[in-house]
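Below is one structure, written out as structure tokens, with a few remarks after it.
The values are calculated or read from the model by the stated rules, or taken from the named source; none is laboratory data. Given the structure is predicted, the values throughout are model-derived calculations rather than measurements. A quick note on method: Cβ atoms are made from the backbone with ideal geometry, for glycine too, and the neighbour counts reach across all protein chains shown. Surface accessibility is based on the protein's heavy atoms, side chains included, excluding ligands, DNA and RNA. Shrake-Rupley method; radii C 1.70, N 1.55, O 1.52, S 1.80 Å.
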Amino acid sequence: MQVLRPESSIQSLTFIKPDRRRVHDFLQLHEQVQTSVNLLDSLESFLSTFKKDLSAVSGQISELQDRSKAIENRLKARRRIEKPLSSLLADITIPPALATLILDSPVGEPWIEGIEDFERRLVTIKARSRVKAARDLSEVAEGLRIVTLQAATKLRAFFLALFEPIRSNVTTNMQVIQTSVLLKYNGFFAFLQRQAPDVAHEVQRSYVGAARVYYETGFRRYARSLTLIKARFVEKHENIVVSEREKDLQVDLERLAFAKIVGPGVTLAYMADDKSHKEPIEALLRSLLLVFLDNATSEYTFVKTFFSVEASLPTKESSNSILSPSLQSPDRATFADQRSVAESDYGGQRVVSPGIVNSLSAAETASKEEQAGTDALWKQVMDPSFLKSTLDPIPPAVPLLTMIRLMEDVVVEVQKRNCPPVEFYVFALRLQMWPVFQKAMAENVDALKKLAEGGSSGYFSRAIATSDAGVSSICKRYTIMFSSFIQLTEQEEETMIFANLLRLRQELTKLILRHTNSITDVVKRATALLSIYDSLLQGLSKDTLSAHPKSQQEIAYWANLHEEAKRKIVSASRQLQR
């Protein structure tokens, strides 16, 4: 422990002593320090409060930043849908000009584009019914419905006025009205078909009624005129034995030309006023068929074009539409279809997906239903029953075959024009004529057979005598019939034709032998045979197309008999010389 020395104590006292004089200063300093401390405490409290306030402000700023980002994101989203929404409003609302056109102006050419634009808006609002903005516009939809009813009413009156000339005047040019007027306004009926089916059905029924009256009246008048001409040239069927018509003794190429569509002009209705004007039955049938062909196929084409309406009208979607298909992802089936087609284009194994098969099947079914509807509508307009009167009375075999060939040519032309109901009707009429032809040929064969057999049906019946002139006339008519049939037949084998000709030839051969067997002198008998065969060969060589195989076979048959008759003459002459 250190002991304080007295000297140091004295010095300390000496040092302290003068500091006591500054006590007052120290006290003031102490007060100032205390004041500073208090101030510092206040400042500390203020800073602590400020820190808390600053933390709260920082939180508010952070919240404001988040709200600002949210507002910015909403703004960007609004900007993204601004154009699609604008497109939606433009598509579903009717401009004043369009509303004025439909509500206040009469139907005409300006409606063509206007009604299409209006229907596109109708389709658009229906297609976008899932969009909330579109659902909220119920008043707009109601306004569109009212405009639709007004448009349908005006279009109905417009079409009925167009059909009135067809109904009231048979001299109206139907084709001009169809092609120049009705087809131009085809979009109007399509609009009615999709938006007002009841009105469209009424318009369709009105057209069918008017067109049916038009065609029935026109064809009835034309057929009546042809009937007057037909009555001046009555040509009933007569078999080859009893026929005495001079025209049966020569091939009438002018009449055979009526077997084709391409050929002489048609008979006009006013020609019936000339009482001296005559035409054969096949010419009249050809005129009737050609007039029917042109009108029927033209009407079918119009009905198919005008009344066959697509089930839906594609909407006019903009590329940035909120419902644009390009913004949607394809489903798996669509993607598989596209991938299969793409792989097949590069040499890979072609895979037909079920989606494509179903689409093709649905398209085929829809096409068949559409064709069936068109055929049914055409049958309501056209009634070709007037053609059946051409077989009364039954014409001879050659004109009958000419008419059959004409119908075959008409069927080919109808197939080119793609008109199934006309093709079916003409084909059915042709089938009905074949039994009539077969019956006529059977009568020829039976008559010739009866004559060849002598006509005896019992022990006491007297045989029918034959003469050189009669046999020669029958042979001439046979060659004319054969040559005419060859002219009308292009195929090498046709059973219905050549089987009957073969039967005729067999009976004719028997008749010739029976006729010559009555001559007792062998040389004269052979000479008579040679003369008959020679006339047959001359007729066949003169009138028959030598290029046809059946013509060659026929000439060869009679040439063999001709040679055989020559040999008999030579043999008989030698025997007489001995």
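Assorted remarks:
- Filter result for R212 (open to solvent by 80 Å² or more (accessible area, probe 1.4 Å) and either within 21 Å of Q175 (Cβ to Cβ) or within 36 Å of the chain's Cα centre (by Cα) (or both)): no
- Those residues of segment 170-182 which are open to solvent by 60 Å² or more (accessible area, probe 1.4 Å) and under 24 Å from I102 (Cα atoms), in sequence order: S180
- Single unsatisfied condition, R156 versus (1) open to solvent by 40 Å² or more (accessible area, probe 1.4 Å); (2) modelled with pLDDT under 90: (2)
- Exclusive hit being within 29 Å of the chain's Cα centre (by Cα) and open to solvent by 40 Å² or more (accessible area, probe 1.4 Å), set E202, E254, E238: E202
Yes/no matrix, rows are residues, columns are (1) among the hydrophobic types (A, V, I, L, M, F, W, C); (2) more than 29 Å from I404 (Cβ to Cβ); (3) at pLDDT 90 or above:
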position: E492; (1), (2), (3): no, no, no
position: D521; (1), (2), (3): no, yes, no
position: R525; (1), (2), (3): no, yes, no
position: K542; (1), (2), (3): no, no, no
position: A547; (1), (2), (3): yes, no, no
position: N560; (1), (2), (3): no, yes, yes
position: R567; (1), (2), (3): no, yes, no
position: S573; (1), (2), (3): no, yes, no
position: R578; (1), (2), (3): no, yes, no
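- Counted residues, segment 219-235 - those being surrounded by fewer than 20 Cβ atoms within 10 Å (Cβ to Cβ) and either on the phi > 0 side of the Ramachandran plot or without any contact (Cβ under 8 Å) to a residue 60 or more places away in the chain (or both): 7
- You will find that of I81, I71, the residue that is free of Cβ contacts under 8 Å to residues at least 60 places away in the same chain and hydrophobic (A, V, I, L, M, F, W, C) is I71 and no other.
- Test: V262 is within 35 Å of the chain's Cα centre (by Cα), within 29 Å of T489 (Cα to Cα) and open to solvent by 40 Å² or more (accessible area, probe 1.4 Å): yes
- Residue count for segment 529-550 under the criterion of being surrounded by 20 or more Cβ atoms within 10 Å (Cβ to Cβ) and in a helix (DSSP H, G or I): the result is 7.
- When V107 is tested against (1) in contact (Cβ under 8 Å) with a residue 12 or more places away in the chain; (2) closer than 19 Å to G143 by Cβ, exactly one condition is not met: (2).
- Among residues of segment 503-520, those that are open to solvent by 60 Å² or more (accessible area, probe 1.4 Å) and not in a helix (DSSP H, G or I), counted: 2
- Flag set for R286, criterion: under 29 Å from Y215 (Cα atoms), at pLDDT 90 or above and open to solvent by less than 80 Å² (accessible area, probe 1.4 Å).
- Counting the residues of segment 92-104 that are loosely packed, with under 15 Cβ neighbours inside 10 Å and in contact with a helix residue (DSSP H, G or I) (Cβ under 8 Å, 6 or more places away or on another chain) gives 1.
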